[in-house]
Amino acid sequence: MNTTLESTPTNSVISTEAKRSGETPVLPGAPMNSNATLTDLQSAESRLLLQTYDRNPIMFTRGEGVHLFDENNRPYLDLLSGIGVCALGYNHPAINKAISEQAPKLLHTSNLFYHRGTTELALRLTEITGLDRVFFTNSGTEAWEAALKLARAHAGLLRSEGKQIGAKFLALEHSFHGRTMGSVATTHKLKYREPFEPVMPNVEFIPFNDVAALRAAFNNEVCAIGLEVIQGEGGINLISEEFLTTARQLCDSTGALLMLDEIQSGIGRTGKWCAYQQYGIQPDVTTLAKPLAGGIPIGAMLCTEEAARAFTFGTHGTTFGGNPFAVAVAIAVLDEIKQTNLLDHVKATGDYFLAQLRTLQSKHEAIKEVRGLGLMIGVELQTEDLAKAIFTGMLQDRILLNRTHETVLRFLPPFLIERKHIDQTIAALDKLLTQHRSSQASAATTTAA
Ligand code: PLP
């Protein structure tokens, strides 16, 4: 018999009476992990977890290279890498080595003490970003939160030095910076902000790439302009050179900070370490996270020496940020990317992927636009329904991607992806779009008849 939570009469939910009476709750059933089926998990999670994730009905048990495997050992080509995290794919020897060497030595010390990894990683990150100092976090949103706090503190410092500068942020329409209160306040989508209002005040959203609107909104009330160089969640939108250059000039004119969120686009995803390097623009602050340790949680906020003056002992902190374990894995990831010239590979495979998608676009009217840089790619389809259907069809073909901004198919594959995987993807998309066109045509014929 399958002794999972699902098949156990009392199930895993600790009874309310047991909680009230203070009895030691007994979690029934054999260890869940070994035998639980997907149905068991769906049933248990529906009662145990806050219902914040509308998961796809697939359970993965392992990964290898650019493939994930479900409980029946069926491979899925992964073009999403855990939303841009598993840049080195799965079961990568460099990551495994760092984990197995660091784990027995030291996992955590707190930020009250020194360990060697911090400097090692900070040296690498300052070198690849061109910035001066680092604050380590555990996630993207915490890195962005640190950036927001730094901007406010920096403006305060400038005011104390006699400058006129306010506390307002300019962010962009369709932006996404995370789910904590400050990040959500600078995130454009109403759905993410509205339930939590009042969120942090003093944020104005500028229409995407609207230089005139940016100029009109900017004055010395602004302490920072914050944006993603390539919007991820917002549908893979590339910032224009003119917009970024203008933002840089405006910030320079008052001492406000230009803060570029590279949480999704950074660490090589576009073929350069940071997407801003594609534009030759240097920010005052940048934020990194997702692929930094290839799947182990870590984030980083980097800034100039000037901006760093605003944080002093005790102004900001975190228990876990920059712990020896996450840092050791991040060092291994960065060294592997560098030693294997992976950025060149990202650029070459990204160019190939984009070219193949554009050829597909010329064949299928249903593709409205193909956008991207390196291996950060979006395919905008004509309708939301079509995007949903293609997403589902690809899943049935065991190819993983995701749908963002309703109509956009988003591709964030592991950096190790090869041409043969791209060819497989293009063939699957072509098949599904051709099927869609035939069904549209037969529906039109039926209507006409
Ligand atoms: N900023 C950007 C551009 C992101 O894409 C994300 C996550 O998708 C975040 C911030 C938030 O990162 P995290 O989910 O690690 O908090």
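Exactly one residue out of Arg47, Arg20 is in a helix (DSSP H, G or I) and modelled with pLDDT under 95: that is Arg20.
Determine if the range 307-315 includes at least one residue that is more than 16 Å from the ligand (Cβ to nearest atom), in the same structural domain as Asn111 (by TED's automatic domain parsing), over 24 Å from Tyr90 (Cβ atoms) and not in a loop (DSSP other than H, G, I, E, B). There is at least one residue in the range 307-315 that is more than 16 Å from the ligand (Cβ to nearest atom), in the same structural domain as Asn111 (by TED's automatic domain parsing), over 24 Å from Tyr90 (Cβ atoms) and not in a loop (DSSP other than H, G, I, E, B). Looking only at the range 270-281, count every residue that is in contact with a Leu (Cβ under 6 Å, 6 or more places away or on another chain) and either more than 15 Å from the ligand (Cβ to nearest atom) or among the basic types (Lys, Arg) (or both) and tell me the total. Qualifying residue count for the region: 3.
Listed by first and then second residue, the pairs with beta-carbon distance under 9 Å, at least 6 apart or on different chains, first residue in the range 191-210 and in the same structural domain as Asn237 (by TED's automatic domain parsing), second among the acidic types (Asp, Glu), are Asn202/Glu221; Phe205/Glu173; Ile206/Glu173; Pro207/Glu173; Phe208/Glu173; Asn209/Glu242; Asp210/Glu173. Can we say Thr141 is in contact with a strand residue (DSSP E or B) (Cβ under 7 Å, 6 or more places away or on another chain) and within 16 Å of the ligand (Cβ to nearest atom)? So Thr141 fails the test.
Selection of the range 136-162 for residues being more than 30 Å from Val85 (Cα to Cα), charged (D, E, K, R) and assigned to a helix (DSSP H, G or I) yields only Arg159.
When Leu360, Leu302 are checked against the criterion of being farther than 17 Å from Ala98 by Cβ and not assigned by TED's automatic domain parsing to the domain that holds Cys274, a single residue qualifies: Leu360. Taking every residue in the range 107-130 that is of a type in the set (Asp, Glu) and pairing it with any residue that is surrounded by 12 or more Cβ atoms within 10 Å (Cβ to Cβ), at least 6 positions away or on another chain, the pairs with Cβ-Cβ distances below 7 Å are Glu120/Ile331. Tell me, which residue of the range 105-135 that is touching a Phe, Trp or Tyr at 6+ places or on another chain (Cβ under 8 Å) and in a loop (DSSP other than H, G, I, E, B) is surrounded by the most Cβ atoms within 10 Å (Cβ to Cβ)? Per the stated criteria, the residue is Leu106.
Checking the stated criteria, Ser265 turns out not to satisfy the condition of being more than 11 Å from the ligand (Cβ to nearest atom) and either outside any strand (DSSP E or B) or surrounded by fewer than 24 Cβ atoms within 10 Å (Cβ to Cβ) (or both). Of the listed requirements (1) within 16 Å of the ligand (Cβ to nearest atom); (2) surrounded by fewer than 24 Cβ atoms within 10 Å (Cβ to Cβ); (3) of a type in the set (S, T, N, Q), Thr246 misses just one: (1). Taking each residue of the range 140-156 that is free of Cβ contacts under 8 Å to residues at least 40 places away in the same chain and in the same structural domain as Ala289 (by TED's automatic domain parsing) and looking for partners that are assigned to a helix (DSSP H, G or I) and within 12 Å of the ligand (Cβ to nearest atom) with beta-carbon atoms closer than 6 Å, six or more apart or interchain, yields Glu145/Gly182; Glu145/Ser183. Being free of Cβ contacts under 8 Å to residues at least 60 places away in the same chain and in a loop (DSSP other than H, G, I, E, B) is the filter here, so list the residues in the range 86-104 that pass it. Of everything in the range 86-104, those that are free of Cβ contacts under 8 Å to residues at least 60 places away in the same chain and in a loop (DSSP other than H, G, I, E, B) turn out to be Asn91, Pro104.
Examine the range 249-259 for a residue that is buried (at least 23 other Cβ atoms within 10 Å of the Cβ), within 15 Å of the ligand (Cβ to nearest atom), over 16 Å from Leu158 (Cα atoms) and of a type in the set (A, V, I, L, M), and state whether such a residue exists. The answer is yes; a qualifying residue exists.
So that you can scan it fast, the table gives a plain yes or no per residue for (1) assigned to a loop (DSSP other than H, G, I, E, B); (2) within 28 Å of Pro291 (Cα to Cα):
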site: Ser362; (1), (2): no, no
site: Leu395; (1), (2): no, yes
site: Pro414; (1), (2): yes, yes
site: Ile422; (1), (2): no, yes
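For the range 168-178, the condition holds for at least one residue, the condition being that it is more than 15 Å from the ligand (Cβ to nearest atom), surrounded by 16 or more Cβ atoms within 10 Å (Cβ to Cβ) and not aliphatic (A, V, I, L, M). Evaluation of Tyr192 against the conditions (1) within 16 Å of the ligand (Cβ to nearest atom); (2) assigned to a loop (DSSP other than H, G, I, E, B); (3) not basic (Lys, Arg) shows that the sole unmet condition is (2).
The values are calculated or read from the model by the stated rules, or taken from the named source; none is laboratory data. Remember, predicted model here, so these are calculated numbers, not experimental data. Note that we place each Cβ from the backbone using ideal geometry, even for glycine, and neighbour counts take in every protein chain shown.
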